[in-house]
Every structure is written in C-alpha cells, then in structure tokens.
Amino acid sequence: EDQVTQSPEALRLQEGESSSLNCSYTVSGLRGLFWYRQDPGKGPEFLFTLYSAGEEKEKERLKATLTKKESFLHITAPKPEDSATYLCAVLSSYGGSQGNLIFGKGTKLSVKP
Amino acid sequence: DTEVTQTPKHLVMGMTNKKSLKCEQHMGHRAMYWYKQKAKKPPELMFVYSYEKLSINESVPSRFSPECPNSSLLNLHLHALQPEDSALYLCASRQAHGDNTEAFFGQGTRLTVV
C-alpha cells in the first residue's frame, strides 16, 4: 500500500535555528515527490518537485533532498514568516495515467522571534 | 501563471440546500482534482478528472456530484449535505503528461453545513 509518513508532527524553532523535516515514503512507481507549504485556511502552495534519488532543489532558506526512501526539507536560519504546515506528497501510478497524490500528515513548523 | 481560482471562498448551507463549488484554471492542465481537508488533517482525495472524464472516484457519497464541463472548469455540486461534510474543499490541477507533474492548488472553499 502506498504510504507517506512525515516527522516530526510539530517543530518549534527559534529564529535562526536551522533544522530538517523528514518525509519517508513507500510507493509503487514513484512519479514525483512534492513539498508544499500550507498556511491556516489556505490551499497548499507548491514549493518543490523531486524525481530521482540524489536530486536537490533550493529556494531561499529551503532545500529539499531525495533518497530512495525519504526526502528531507532543510530550513536554514528560519524566520517567523516560515511558520506554516509543510506537506509532503507523492504521485503514484494508481489511477492510471493521472496517478494519485498521496499526502503525509504534515509538519507544523513554528518559528519564534 | 500558476493560478487555480476557486469560488466562493466561503459557503454556509443548510442540509436541504443545493449549491455548487467552482474551480477554474488557464494553465492548459488536463488533470483536475477535488480534495476535502478537515482541520489539522492532510488533504483527502475525492475525485480526479483526466481529459474531462472522471478517472477516480474515491467512494465519495452521491450527495457530492462532480462535473467537468470543459478543460478549464471543474464543478462540485452539493445536495443534502450533513454537518460532518463541513471542511475546506480544495481544487488542484496538473499537466496530464510530460515532465512537470506538480499539482497547483486553489485557495479552497470553506464550507459550513448547518
């Protein structure tokens, strides 16, 4: 069964304190792993797509990496505005050519000034 | 432009009402999705449309009826809902083929059933 597990569920950081969020997955026929940021009451905002082990993507203070079984979202010197829930999702081959986006439960990040 | 537009932003409806949620995108995406999200939970897949045809229905009750009238529009018709159907309803779209598989989400419709 396709599955995505994120840890930790919640993470509290001081401003400037770097850390990493984890996303482990089991999926048949991975077609992409995605990171999203979601603010309360809003839709998920796309951050990164990763396709193959060893791939890395960066955007401002965020860096996403991928191995064969997990992905990490590294946050360097976070600021209070980085506070949000970060969702990891994988696109599987289920459902034919369109596939299905399977989400983890998310990590709620709080960054205190 | 990576915008997916959902209307209305908020909706309050009674259990005997009929209402519709709308979603629009102009990115040329041919795969469109409806998700339901309860508070502090991840999005939960409801329906997938591929080239305007329903390809996945995740055993959603018939009081939710999706419709894809053309490649840019996706509707979700609501009838005889229950209070437990109150949630954030999200629409998403992505390319049906090619290398770019990421999905883009709208801001959602906050639905309250009274």
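Laboratory data are not the source of any read-out in this text; all were calculated from the coordinates shown. No experiment lies behind these values; they were computed from the predicted model shown. Glycine also receives a Cβ, built like all others from the backbone with ideal geometry; neighbour counts cover every protein chain displayed.
Remarks
- The range B:1-68 - Rg over Rh from alpha carbon coordinates, Kirkwood radius: 0.96
- Calculated FRET value between B:Glu67 and B:Thr5, using beta carbons and R₀ = 22 Å, to 0.05: 0.85
- With 0.36 nm allotted per residue and the present C-alpha distance subtracted, the A:Gln14-A:Thr26 stretch has 1.1 nm of extension available.
- With a threshold of 28 Å on the Cα-Cα distance, the over-threshold entries among A:Lys57/B:Lys41; B:Lys9/B:Lys40; A:Lys108/B:Lys18; A:Lys68/B:Lys41 are A:Lys108/B:Lys18.
- Its convex hull of Cα atoms gives chain B a direction-averaged projected area, equal to a quarter of the hull surface, of 6.8 nm².
- Relative contact order, whole percent, for chain A stands at 36, derived from Cα pairs under 8 Å and 6 or more residues apart.
- Of the GluC sites (Glu not before Pro) found in the range A:23-90, the ones in coil according to DSSP and having at most 12 other Cβ atoms within 10 Å of their Cβ are A:Glu60.
- Positive-end residue, the protein assembly as shown charge dipole about Cα centroid, Cβ charges, pick of B:Pro83, A:Cys23, B:Gln107: B:Pro83
- Loop-located trypsin sites (Lys or Arg not before Pro) in the range B:1-83 (DSSP state other than H, G, I, E, B) with a sparse environment of at most 11 neighbouring Cβ atoms within 10 Å: B:Lys9, B:Lys40.
- Mean projection of the Cα convex hull over all viewing directions, computed for the protein assembly as shown: 12.1 nm².
- The overall shape of the range B:25-64 is oblate: from the C-alpha gyration tensor, with semi-axes ordered a ≥ b ≥ c, the ratio a/c is 1.5 or greater and a/b is no larger than b/c.
- Between B:Thr112 and B:Ser55, the contour length at 0.36 nm per residue exceeds the Cα-Cα span by 17.8 nm.
- Normalised by 2.2 N^0.38 Å, with N the number of residues, the alpha-carbon radius of gyration of the range B:54-111 equals 1.28.
- Spherically averaged projected area of the range A:26-113 from its Cα convex hull (nm²): 6.1 nm²
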